[in-house]
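The numbers here are math on the coordinates, done by the rules we state, and not lab data. On a predicted model such as this, the values are computed, not experimentally measured, just so you know. No Cβ is skipped: glycine too gets one built from the backbone with ideal geometry, and neighbour counts run over all protein chains shown.
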Amino acid sequence: MTKNNAPLKCPSLDEVDAVEIGKIVFGIELSNIDGLAFIKSDTRGPGFNFRLKRPIIVDEFKLANFNFQLGEDKYTGKFYIPLGPPPTLGDQVIVTIKRTGFALTEEQLYEWLKIFGKIEGELRYKYYSRLPTIKDDYAEVVMRMTRHIPFTLPAYGKKIQILYRGQPIQCSKCYELGHIRKECKASTNNWLGYVKSLLEKGYIPEKLFGMWIDYLRAHERVVNTKFDD
């Protein structure tokens, strides 16, 4: 992606460099490489597709954004996994939690996520690409979900956002899942109405809402949870 902090376009790297990068970054030995596809572009950095003789274990969190050095030059890169078809409930997915503001503990995030499935990995915060020692407030964790997670959640007095492949879209008018605003036939709901509707579904403990419960009780008159048939 970059070479010596400048965008890497139309690079002079060749297949020998690709093999060296594979060893430095991923630990791929030359003896394990069956094939190599070298993808060049005039507008962005190069791509390398390795076909291996034997599978290797790759830490996709650690290597999502990586850096390495060839000679005197320093490079940064990005690791892509072939996506394939969207996952369904029961498949393993990477769940991204956004806008936490570092106001929630990891245990509080786990409490919310466990409602929707099984957590199968450690929750990890991302780092700023230009400040690699400083964490962003975006976190990721591997899960197998038994229930889809709405894009927006009222977690402990915060509005956090959840993203993962295969996630149903959440309507910005009624807050229900599975359709967009222009297709919505329900009455308009507001945020407190959404909080109340989640609470009334019965599968989320009240304590997980935090101060949203206090807001809900203090402003009950502005809640709108009535939907048209």
Review point. Which is aliphatic (A, V, I, L, M) and loosely packed, with under 13 Cβ neighbours inside 10 Å, of 131, 123, 109, 89?
Key: 131
Check your understanding: Residues in the range 125-141 that are aromatic (Phe, Trp, Tyr) and part of a loop (DSSP other than H, G, I, E, B): how many?
Key -> 1
Review point. So residue 103 clears everything in (1) closer than 30 Å to residue 12 by Cβ; (2) out of contact with any helix residue (DSSP H, G or I) (no Cβ under 7 Å at 6 or more places or on another chain); (3) of a type in the set (A, V, I, L, M) except one condition, right? Which one?
Key: (1)
Point to revise | Members of the range 142-192 that are aliphatic (A, V, I, L, M), touching a residue at least 40 places away in the same chain (Cβ under 8 Å) and in a loop (DSSP other than H, G, I, E, B) | key: 149, 186
